[in-house]
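S.K.: Let me begin by handing over the structure; questions about it come next.
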DNA sequence: ATAGTCGGAATGAATATTCATTCCGCTATA
DNA sequence: TATAGCGGAATGAATATTCATTCCGACTAT
(Lines give C-alpha, C1' and ligand atoms only; values in the text may rest on other atoms or scores of the structure.)
Protein backbone atom coordinates (compact mmCIF):
# COMPACT_ATOMS: atom_id res chain seq x y z
CA UNK A 1 0.00 0.00 0.00
CA UNK A 2 1.34 3.40 -0.96
CA UNK A 3 0.74 6.32 1.36
CA UNK A 4 -0.43 8.84 -1.17
CA UNK A 5 -3.48 8.10 -3.26
CA UNK A 6 -3.31 11.36 -5.14
CA UNK A 7 0.09 10.35 -6.46
CA UNK A 8 -1.17 6.90 -7.38
CA UNK A 9 -3.93 8.52 -9.39
CA UNK A 10 -1.55 10.94 -11.11
CA UNK A 11 0.87 8.14 -11.94
CA UNK A 12 -1.85 5.98 -13.42
CA UNK A 13 -3.31 8.87 -15.39
CA UNK A 14 0.10 9.81 -16.74
CA UNK A 15 0.74 6.37 -18.17
CA UNK A 16 -2.71 6.14 -19.71
CA UNK A 17 -2.87 9.67 -21.09
CA UNK A 18 0.60 9.30 -22.57
CA UNK A 19 -0.22 6.04 -24.32
CA UNK A 20 -3.94 6.36 -25.15
CA UNK A 21 -4.54 10.08 -25.06
CA UNK A 22 -7.05 12.00 -22.96
CA UNK A 23 -10.15 11.00 -24.90
CA UNK A 24 -9.04 7.40 -25.18
CA UNK A 25 -8.66 7.06 -21.43
CA UNK A 26 -11.68 6.46 -19.20
CA UNK A 27 -11.88 7.39 -15.56
CA UNK A 28 -12.55 3.79 -14.51
CA UNK A 29 -9.37 2.78 -16.35
CA UNK A 30 -7.42 5.28 -14.28
CA UNK A 31 -9.09 4.07 -11.11
CA UNK A 32 -8.31 0.46 -11.86
CA UNK A 33 -4.65 1.15 -12.61
CA UNK A 34 -4.31 3.34 -9.52
CA UNK A 35 -6.06 0.66 -7.47
CA UNK A 36 -8.63 3.06 -6.05
CA UNK A 37 -12.37 3.33 -6.42
CA UNK A 38 -13.64 5.45 -9.28
CA UNK A 39 -15.23 7.81 -6.81
CA UNK A 40 -11.95 8.38 -5.02
CA UNK A 41 -10.61 10.21 -8.04
CA UNK A 42 -13.31 12.84 -7.49
CA UNK A 43 -12.14 13.40 -3.92
CA UNK A 44 -8.84 14.64 -5.33
CA UNK A 45 -9.85 16.23 -8.62
CA UNK A 46 -12.96 18.10 -9.56
CA UNK A 47 -13.35 16.19 -12.81
CA UNK A 48 -11.39 14.56 -15.58
CA UNK A 49 -10.35 17.90 -17.04
CA UNK A 50 -9.01 19.15 -13.72
CA UNK A 51 -7.00 15.98 -13.47
CA UNK A 52 -5.42 16.36 -16.88
CA UNK A 53 -4.59 19.99 -16.20
CA UNK A 54 -3.05 19.24 -12.80
CA UNK A 55 -0.97 16.51 -14.39
CA UNK A 56 0.09 18.67 -17.29
CA UNK A 57 1.21 21.47 -15.00
CA UNK A 58 3.10 19.06 -12.80
CA UNK A 59 4.96 17.59 -15.76
CA UNK A 60 5.76 20.91 -17.37
CA UNK A 61 7.11 22.26 -14.09
CA UNK A 62 9.28 19.21 -13.60
CA UNK A 63 10.59 19.46 -17.14
CA UNK A 64 11.20 23.16 -16.75
CA UNK A 65 13.00 22.73 -13.43
CA UNK A 66 15.07 19.88 -14.79
CA UNK A 67 16.42 22.17 -17.44
CA UNK A 68 16.77 25.36 -15.42
CA UNK A 69 18.60 23.76 -12.48
CA UNK A 70 22.33 24.65 -12.64
CA UNK A 71 21.81 26.31 -15.98
CA UNK A 72 25.12 27.80 -17.21
CA UNK A 73 23.95 31.36 -17.59
CA UNK A 74 27.09 33.12 -16.37
CA UNK A 75 29.41 32.94 -19.35
CA UNK A 76 26.62 32.76 -21.90
CA UNK A 77 28.38 30.20 -24.06
CA UNK A 78 25.56 29.00 -26.30
CA UNK A 79 27.17 25.73 -27.20
CA UNK A 80 27.52 24.84 -23.57
CA UNK A 81 23.96 25.92 -22.83
CA UNK A 82 22.67 23.81 -25.69
CA UNK A 83 24.59 20.81 -24.42
CA UNK A 84 23.16 21.38 -20.95
CA UNK A 85 19.59 21.50 -22.22
CA UNK A 86 20.02 18.37 -24.26
CA UNK A 87 21.63 16.48 -21.44
CA UNK A 88 18.81 17.44 -19.10
CA UNK A 89 16.20 16.55 -21.69
CA UNK A 90 17.79 13.15 -22.05
CA UNK A 91 17.77 12.72 -18.28
CA UNK A 92 14.14 13.73 -18.12
CA UNK A 93 13.19 11.37 -20.92
CA UNK A 94 15.05 8.54 -19.24
CA UNK A 95 13.47 9.16 -15.86
CA UNK A 96 9.99 9.92 -17.12
CA UNK A 97 9.39 9.04 -20.75
CA UNK A 98 5.65 9.18 -20.23
CA UNK A 99 5.93 12.67 -18.83
CA UNK A 100 7.75 13.80 -21.94
CA UNK A 101 5.33 12.16 -24.34
CA UNK A 102 2.32 13.32 -22.38
CA UNK A 103 3.43 16.94 -22.37
CA UNK A 104 4.23 16.79 -26.05
CA UNK A 105 0.99 15.22 -27.14
CA UNK A 106 -1.17 17.39 -24.92
CA UNK A 107 0.39 20.82 -25.26
CA UNK A 108 -2.18 22.64 -27.34
CA UNK A 109 -5.08 20.38 -26.41
CA UNK A 110 -8.50 22.03 -26.33
CA UNK A 111 -9.17 21.07 -22.70
CA UNK A 112 -6.07 22.77 -21.29
CA UNK A 113 -6.91 25.79 -19.17
CA UNK A 114 -5.19 29.17 -19.33
CA UNK A 115 -2.80 28.35 -16.53
CA UNK A 116 -1.62 25.20 -18.26
CA UNK A 117 -1.16 27.03 -21.52
CA UNK A 118 0.75 29.83 -19.86
CA UNK A 119 3.08 27.46 -18.06
CA UNK A 120 3.99 25.77 -21.29
CA UNK A 121 4.36 29.07 -23.12
CA UNK A 122 6.75 30.23 -20.40
CA UNK A 123 8.82 27.13 -20.86
CA UNK A 124 9.11 27.80 -24.58
CA UNK A 125 9.94 31.43 -23.85
CA UNK A 126 12.95 30.36 -21.87
CA UNK A 127 14.26 28.49 -24.90
CA UNK A 128 13.35 31.33 -27.22
CA UNK A 129 15.38 33.85 -25.25
CA UNK A 130 18.43 31.63 -25.35
CA UNK A 131 18.20 31.29 -29.10
CA UNK A 132 17.76 35.04 -29.53
CA UNK A 133 20.98 35.48 -27.61
CA UNK A 134 22.75 32.94 -29.75
CA UNK A 135 21.59 34.71 -32.88
CA UNK A 136 22.94 38.03 -31.58
CA UNK A 137 26.27 36.35 -30.98
CA UNK A 138 26.26 35.04 -34.54
CA UNK A 139 26.32 31.42 -33.35
CA UNK A 140 22.77 30.44 -34.24
CA UNK A 141 21.24 30.65 -37.67
CA UNK A 142 18.90 33.54 -38.46
CA UNK A 143 15.50 31.89 -38.53
CA UNK A 144 12.56 32.69 -36.25
CA UNK A 145 13.23 31.16 -32.85
CA UNK A 146 9.88 29.41 -32.98
CA UNK A 147 11.09 27.55 -36.06
CA UNK A 148 14.39 26.60 -34.46
CA UNK A 149 12.64 25.33 -31.36
CA UNK A 150 10.28 23.31 -33.51
CA UNK A 151 13.17 21.70 -35.29
CA UNK A 152 15.10 20.69 -32.20
CA UNK A 153 12.18 19.89 -29.96
CA UNK A 154 10.33 18.08 -32.73
CA UNK A 155 13.36 15.99 -33.54
CA UNK A 156 13.97 15.19 -29.90
CA UNK A 157 10.46 14.10 -29.07
CA UNK A 158 10.05 12.00 -32.17
CA UNK A 159 13.28 10.23 -31.43
CA UNK A 160 11.93 9.18 -28.07
CA UNK A 161 8.63 8.10 -29.55
CA UNK A 162 10.58 5.75 -31.78
CA UNK A 163 12.81 4.61 -28.94
CA UNK A 164 9.74 3.78 -26.92
CA UNK A 165 8.34 1.55 -29.63
CA UNK A 166 11.51 -0.50 -29.34
CA UNK A 167 12.62 0.12 -32.92
CA UNK A 168 15.64 2.04 -31.69
CA UNK A 169 17.81 1.47 -28.66
CA UNK A 170 18.88 4.30 -26.41
CA UNK A 171 22.67 4.18 -26.17
CA UNK A 172 25.18 6.87 -25.14
CA UNK A 173 26.59 6.95 -28.68
CA UNK A 174 23.13 7.48 -30.16
CA UNK A 175 22.34 10.30 -27.78
CA UNK A 176 25.67 11.96 -28.41
CA UNK A 177 25.14 11.67 -32.15
CA UNK A 178 21.65 13.11 -31.97
CA UNK A 179 22.81 16.00 -29.85
CA UNK A 180 25.39 16.86 -32.50
CA UNK A 181 22.82 16.56 -35.28
CA UNK A 182 20.48 18.94 -33.54
CA UNK A 183 23.22 21.41 -32.85
CA UNK A 184 24.31 21.25 -36.47
CA UNK A 185 20.73 21.91 -37.47
CA UNK A 186 20.54 25.30 -35.84
CA UNK A 187 24.12 26.61 -35.72
CA UNK A 188 25.62 28.96 -38.26
CA UNK A 189 27.74 27.22 -40.85
CA UNK B 1 -24.32 20.06 -53.24
CA UNK B 2 -21.29 17.96 -54.07
CA UNK B 3 -21.68 14.81 -56.12
CA UNK B 4 -19.70 12.47 -53.93
CA UNK B 5 -20.83 11.92 -50.37
CA UNK B 6 -18.03 9.53 -49.60
CA UNK B 7 -15.54 12.29 -50.27
CA UNK B 8 -17.51 14.73 -48.18
CA UNK B 9 -17.38 12.28 -45.30
CA UNK B 10 -13.66 11.68 -45.72
CA UNK B 11 -12.96 15.41 -45.88
CA UNK B 12 -14.96 16.11 -42.77
CA UNK B 13 -13.39 13.22 -40.91
CA UNK B 14 -9.91 14.34 -41.91
CA UNK B 15 -10.38 17.81 -40.49
CA UNK B 16 -11.86 16.52 -37.26
CA UNK B 17 -9.43 13.66 -36.71
CA UNK B 18 -6.50 15.98 -37.41
CA UNK B 19 -7.65 18.60 -34.94
CA UNK B 20 -9.44 16.60 -32.21
CA UNK B 21 -8.05 13.10 -32.66
CA UNK B 22 -9.94 9.89 -33.27
CA UNK B 23 -11.35 9.48 -29.77
CA UNK B 24 -12.25 13.14 -29.52
CA UNK B 25 -14.31 13.02 -32.70
CA UNK B 26 -17.84 11.65 -32.68
CA UNK B 27 -19.60 10.18 -35.67
CA UNK B 28 -22.42 12.75 -35.46
CA UNK B 29 -19.78 15.50 -35.59
CA UNK B 30 -18.45 14.04 -38.82
CA UNK B 31 -21.96 13.74 -40.22
CA UNK B 32 -22.78 17.34 -39.38
CA UNK B 33 -19.61 18.69 -40.95
CA UNK B 34 -20.08 16.52 -44.04
CA UNK B 35 -23.72 17.62 -44.22
CA UNK B 36 -25.05 14.09 -44.31
CA UNK B 37 -27.14 12.08 -41.90
CA UNK B 38 -25.27 10.03 -39.33
CA UNK B 39 -26.67 6.87 -40.84
CA UNK B 40 -25.28 7.73 -44.24
CA UNK B 41 -21.75 7.31 -42.95
CA UNK B 42 -22.54 3.65 -42.37
CA UNK B 43 -23.58 3.25 -45.97
CA UNK B 44 -19.99 4.04 -46.96
CA UNK B 45 -17.98 2.66 -44.06
CA UNK B 46 -18.53 -0.37 -41.92
CA UNK B 47 -17.83 1.55 -38.73
CA UNK B 48 -15.75 4.34 -37.27
CA UNK B 49 -12.59 2.24 -37.29
CA UNK B 50 -13.01 1.35 -40.95
CA UNK B 51 -13.38 5.02 -41.69
CA UNK B 52 -10.22 6.03 -39.89
CA UNK B 53 -8.27 3.25 -41.58
CA UNK B 54 -9.57 4.13 -45.02
CA UNK B 55 -8.66 7.73 -44.44
CA UNK B 56 -5.24 6.90 -43.09
CA UNK B 57 -4.42 4.74 -46.07
CA UNK B 58 -5.64 7.36 -48.47
CA UNK B 59 -3.47 10.04 -46.87
CA UNK B 60 -0.37 7.87 -46.64
CA UNK B 61 -0.71 6.87 -50.28
CA UNK B 62 -1.08 10.47 -51.35
CA UNK B 63 1.91 11.50 -49.28
CA UNK B 64 3.94 8.61 -50.62
CA UNK B 65 2.99 9.34 -54.22
CA UNK B 66 3.70 13.01 -53.80
CA UNK B 67 7.23 12.18 -52.84
CA UNK B 68 7.89 9.32 -55.23
CA UNK B 69 6.61 11.09 -58.36
CA UNK B 70 9.57 12.25 -60.49
CA UNK B 71 11.94 11.12 -57.82
CA UNK B 72 15.56 11.74 -58.96
CA UNK B 73 16.79 8.18 -58.62
CA UNK B 74 19.00 8.09 -61.70
CA UNK B 75 22.13 9.89 -60.61
CA UNK B 76 21.69 9.08 -56.94
CA UNK B 77 22.78 12.51 -55.75
CA UNK B 78 21.65 12.47 -52.14
CA UNK B 79 21.57 16.20 -51.74
CA UNK B 80 19.28 16.52 -54.70
CA UNK B 81 17.06 13.70 -53.47
CA UNK B 82 16.81 15.31 -50.06
CA UNK B 83 15.83 18.59 -51.63
CA UNK B 84 13.20 16.82 -53.71
CA UNK B 85 11.68 15.13 -50.68
CA UNK B 86 11.56 18.34 -48.73
CA UNK B 87 10.04 20.28 -51.57
CA UNK B 88 7.34 17.67 -52.02
CA UNK B 89 6.70 17.52 -48.32
CA UNK B 90 6.24 21.28 -48.34
CA UNK B 91 3.85 20.99 -51.24
CA UNK B 92 1.91 18.28 -49.49
CA UNK B 93 1.72 20.28 -46.28
CA UNK B 94 0.56 23.32 -48.18
CA UNK B 95 -2.11 21.46 -50.09
CA UNK B 96 -3.26 19.27 -47.24
CA UNK B 97 -2.01 20.34 -43.84
CA UNK B 98 -4.64 18.23 -42.13
CA UNK B 99 -3.54 15.17 -44.06
CA UNK B 100 -0.01 15.65 -42.80
CA UNK B 101 -1.02 16.22 -39.19
CA UNK B 102 -3.54 13.40 -39.29
CA UNK B 103 -1.01 10.88 -40.57
CA UNK B 104 1.53 12.02 -38.04
CA UNK B 105 -0.73 11.90 -35.04
CA UNK B 106 -2.35 8.60 -35.99
CA UNK B 107 0.59 6.54 -37.22
CA UNK B 108 1.00 4.04 -34.42
CA UNK B 109 -2.56 4.33 -33.12
CA UNK B 110 -4.02 1.22 -31.55
CA UNK B 111 -7.00 1.08 -33.93
CA UNK B 112 -4.95 0.97 -37.14
CA UNK B 113 -5.20 -2.36 -38.92
CA UNK B 114 -2.29 -4.32 -40.37
CA UNK B 115 -2.74 -2.88 -43.82
CA UNK B 116 -2.55 0.67 -42.53
CA UNK B 117 0.52 -0.11 -40.49
CA UNK B 118 2.22 -1.80 -43.41
CA UNK B 119 1.54 1.08 -45.75
CA UNK B 120 3.12 3.51 -43.34
CA UNK B 121 6.06 1.20 -42.68
CA UNK B 122 6.66 0.97 -46.43
CA UNK B 123 6.72 4.73 -46.66
CA UNK B 124 9.35 4.93 -43.94
CA UNK B 125 11.30 2.15 -45.64
CA UNK B 126 11.61 4.24 -48.76
CA UNK B 127 13.23 6.98 -46.72
CA UNK B 128 15.39 4.51 -44.85
CA UNK B 129 16.86 3.06 -48.03
CA UNK B 130 17.77 6.51 -49.29
CA UNK B 131 19.59 7.32 -46.09
CA UNK B 132 21.44 4.01 -46.15
CA UNK B 133 22.65 4.92 -49.62
CA UNK B 134 23.74 8.32 -48.44
CA UNK B 135 25.66 6.77 -45.59
CA UNK B 136 27.46 4.41 -47.98
CA UNK B 137 28.44 7.41 -50.07
CA UNK B 138 29.81 9.13 -47.00
CA UNK B 139 27.37 12.01 -47.34
CA UNK B 140 25.08 11.21 -44.42
CA UNK B 141 26.17 10.84 -40.84
CA UNK B 142 26.54 7.36 -39.37
CA UNK B 143 23.56 7.07 -37.08
CA UNK B 144 20.75 4.52 -37.37
CA UNK B 145 18.46 5.56 -40.20
CA UNK B 146 15.48 5.39 -37.87
CA UNK B 147 17.10 8.10 -35.78
CA UNK B 148 17.85 10.28 -38.79
CA UNK B 149 14.30 9.93 -40.05
CA UNK B 150 12.99 10.85 -36.61
CA UNK B 151 15.09 13.96 -36.56
CA UNK B 152 14.07 15.26 -39.97
CA UNK B 153 10.48 14.08 -39.96
CA UNK B 154 9.96 15.15 -36.36
CA UNK B 155 11.34 18.59 -37.06
CA UNK B 156 9.26 18.95 -40.20
CA UNK B 157 5.96 17.97 -38.66
CA UNK B 158 6.41 20.08 -35.57
CA UNK B 159 7.20 23.06 -37.71
CA UNK B 160 3.87 22.70 -39.46
CA UNK B 161 2.04 22.22 -36.20
CA UNK B 162 3.40 25.56 -35.11
CA UNK B 163 2.65 27.17 -38.45
CA UNK B 164 -0.92 25.98 -38.19
CA UNK B 165 -1.40 27.64 -34.82
CA UNK B 166 -0.54 30.92 -36.51
CA UNK B 167 2.54 31.57 -34.39
CA UNK B 168 4.75 31.26 -37.43
CA UNK B 169 4.14 32.30 -41.00
CA UNK B 170 4.97 30.05 -43.91
CA UNK B 171 7.25 32.01 -46.25
CA UNK B 172 9.63 30.82 -48.96
CA UNK B 173 12.61 32.06 -46.94
CA UNK B 174 11.48 30.15 -43.89
CA UNK B 175 11.03 26.94 -45.84
CA UNK B 176 14.37 27.30 -47.53
CA UNK B 177 16.02 27.93 -44.17
CA UNK B 178 14.38 24.94 -42.56
CA UNK B 179 15.37 22.69 -45.42
CA UNK B 180 18.98 23.71 -44.93
CA UNK B 181 18.77 23.17 -41.19
CA UNK B 182 17.43 19.68 -41.65
CA UNK B 183 20.06 18.82 -44.21
CA UNK B 184 22.76 20.13 -41.90
CA UNK B 185 21.35 17.96 -39.16
CA UNK B 186 21.98 14.70 -40.96
CA UNK B 187 24.88 15.37 -43.34
CA UNK B 188 28.49 14.58 -42.57
CA UNK B 189 30.50 17.57 -41.39
C1' DA C 1 -44.55 2.90 -59.39
C1' DT C 2 -40.18 1.15 -57.53
C1' DA C 3 -35.49 0.39 -56.38
C1' DG C 4 -32.07 2.62 -54.33
C1' DT C 5 -30.44 6.23 -51.27
C1' DC C 6 -30.78 9.25 -47.44
C1' DG C 7 -31.65 11.48 -43.00
C1' DG C 8 -32.05 11.61 -38.41
C1' DA C 9 -34.68 9.83 -34.55
C1' DA C 10 -34.29 5.61 -31.75
C1' DT C 11 -31.53 2.24 -29.34
C1' DG C 12 -28.49 0.28 -26.30
C1' DA C 13 -23.83 0.24 -24.73
C1' DA C 14 -20.21 2.91 -22.66
C1' DT C 15 -18.82 6.69 -19.90
C1' DA C 16 -18.38 10.55 -16.44
C1' DT C 17 -20.05 11.74 -12.25
C1' DT C 18 -22.65 11.31 -7.85
C1' DC C 19 -23.89 9.66 -3.46
C1' DA C 20 -25.40 6.55 0.22
C1' DT C 21 -22.82 3.56 2.69
C1' DT C 22 -18.70 1.38 4.65
C1' DC C 23 -14.28 1.58 6.54
C1' DC C 24 -10.47 3.14 9.31
C1' DG C 25 -7.88 5.45 12.68
C1' DC C 26 -8.06 8.42 16.44
C1' DT C 27 -9.63 10.11 20.96
C1' DA C 28 -12.14 10.37 25.16
C1' DT C 29 -13.72 7.83 28.82
C1' DA C 30 -13.93 4.27 32.28
C1' DT D 1 -5.69 -0.87 28.78
C1' DA D 2 -10.12 -1.64 26.58
C1' DT D 3 -13.83 0.20 24.08
C1' DA D 4 -17.37 3.11 22.26
C1' DG D 5 -18.01 7.09 19.43
C1' DC D 6 -16.68 10.24 15.93
C1' DG D 7 -15.13 12.27 11.49
C1' DG D 8 -13.01 12.12 7.40
C1' DA D 9 -11.61 9.05 3.58
C1' DA D 10 -12.80 5.55 0.40
C1' DT D 11 -15.84 2.82 -2.16
C1' DG D 12 -18.51 1.16 -6.08
C1' DA D 13 -23.23 0.73 -7.33
C1' DA D 14 -26.56 3.99 -9.27
C1' DT D 15 -27.56 7.86 -12.30
C1' DA D 16 -27.19 10.96 -16.08
C1' DT D 17 -25.09 11.76 -20.19
C1' DT D 18 -22.83 10.83 -24.48
C1' DC D 19 -21.88 8.03 -28.25
C1' DA D 20 -21.69 4.42 -32.06
C1' DT D 21 -24.73 2.08 -34.57
C1' DT D 22 -29.36 0.71 -36.40
C1' DC D 23 -33.69 1.25 -38.48
C1' DC D 24 -37.37 2.85 -41.01
C1' DG D 25 -40.11 6.36 -43.22
C1' DA D 26 -39.27 9.84 -46.76
C1' DC D 27 -37.26 11.22 -50.87
C1' DT D 28 -35.14 10.86 -55.65
C1' DA D 29 -34.26 9.41 -60.09
C1' DT D 30 -35.67 6.44 -63.49
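The values are calculated or read from the model by the stated rules, or taken from the named source; none is laboratory data. A quick note: this is a predicted structure, and the numbers were derived from the prediction, not measured. Glycine also receives a Cβ, built like all others from the backbone with ideal geometry; neighbour counts cover every protein chain displayed.
S.K.: Among all residue pairs at least 6 apart or on different chains, which show Cβ distances below 9 Å where the first residue, located in segment B:35-50, is more than 8 Å from DNA strand D (Cβ to nearest atom) and the second is in a loop (DSSP other than H, G, I, E, B) and modelled with pLDDT under 95?
M.R.: Listed pairs, sorted by first residue: B:35/B:1; B:35/B:2.
S.K.: To continue, here is another question. Looking at (1) in contact with a helix residue (DSSP H, G or I) (Cβ under 7 Å, 6 or more places away or on another chain); (2) surrounded by fewer than 18 Cβ atoms within 10 Å (Cβ to Cβ); (3) within 14 Å of another protein chain (Cβ to nearest Cβ), find the lone condition where residue A:18 falls short.
M.R.: (2)
S.K.: Continuing with the same structure: Can you pull out every residue in segment A:123-141 that is over 27 Å from residue A:58 (Cβ atoms) and either in a helix (DSSP H, G or I) or more than 12 Å from chain B (Cβ to nearest Cβ) (or both)? Spell out how you get there, then give the answer.
M.R.: Restricting attention to segment A:123-141, the residues satisfying the condition of being over 27 Å from residue A:58 (Cβ atoms) are A:132-141.
Hits for segment A:123-141 are A:132, A:133, A:134, A:135, A:136, A:137, A:138, A:139.
S.K.: Quickly run through segment A:145-173 and pick out the residues that are in contact (Cβ under 8 Å) with a residue 60 or more places away in the chain and over 14 Å from residue B:151 (Cβ atoms).
M.R.: Across segment A:145-173, the qualifying residues are A:164, A:170.
S.K.: I've got another one for you. Could you run through segment A:30-76 and say how many residues are buried (at least 16 other Cβ atoms within 10 Å of the Cβ), within 14 Å of chain B (Cβ to nearest Cβ) and more than 16 Å from residue A:101 (Cα to Cα)?
M.R.: Count: 1.
S.K.: Sticking with this structure for a sec: Only residues that are more than 7 Å from chain A (Cβ to nearest Cβ) and more than 24 Å from residue B:97 (Cα to Cα): list them for segment B:142-152, please.
M.R.: B:142, B:145 - these are the residues of segment B:142-152 that are more than 7 Å from chain A (Cβ to nearest Cβ) and more than 24 Å from residue B:97 (Cα to Cα).
S.K.: Can you tell me which residues in segment B:169-189 are more than 7 Å from chain A (Cβ to nearest Cβ) and within 22 Å of residue B:134 (Cα to Cα)? Lay out the reasoning, then the answer.
M.R.: Applying the first criterion (more than 7 Å from chain A (Cβ to nearest Cβ)) to segment B:169-189 yields B:169-173, B:175-176, B:179-180, B:183, B:187-188.
Hits for segment B:169-189 are B:176, B:179, B:180, B:183, B:187, B:188.
S.K.: Tell me, yes or no, whether segment B:30-53 has at least one residue that is touching a helix residue (DSSP H, G or I) at 6+ places or on another chain (Cβ under 9 Å) and closer than 21 Å to residue B:178 by Cα.
M.R.: No, that holds for no residue.
S.K.: Right, next: Working only within segment B:153-163, note down all residues that are more than 7 Å from chain A (Cβ to nearest Cβ) and more than 13 Å from the chain's Cα centre (by Cα). Steps first, please.
M.R.: Taking segment B:153-163 as the starting set, the residues that turn out to be more than 7 Å from chain A (Cβ to nearest Cβ) are B:156, B:160-161, B:163.
Residue satisfying the conditions is B:163 alone.
S.K.: Can you tell me which residue within segment A:61-106, out of those that are assigned to a loop (DSSP other than H, G, I, E, B) and touching a residue at least 24 places away in the same chain (Cβ under 8 Å), is nearest to residue A:180 (Cα to Cα)?
M.R.: Filtering first and then ranking leaves A:76.
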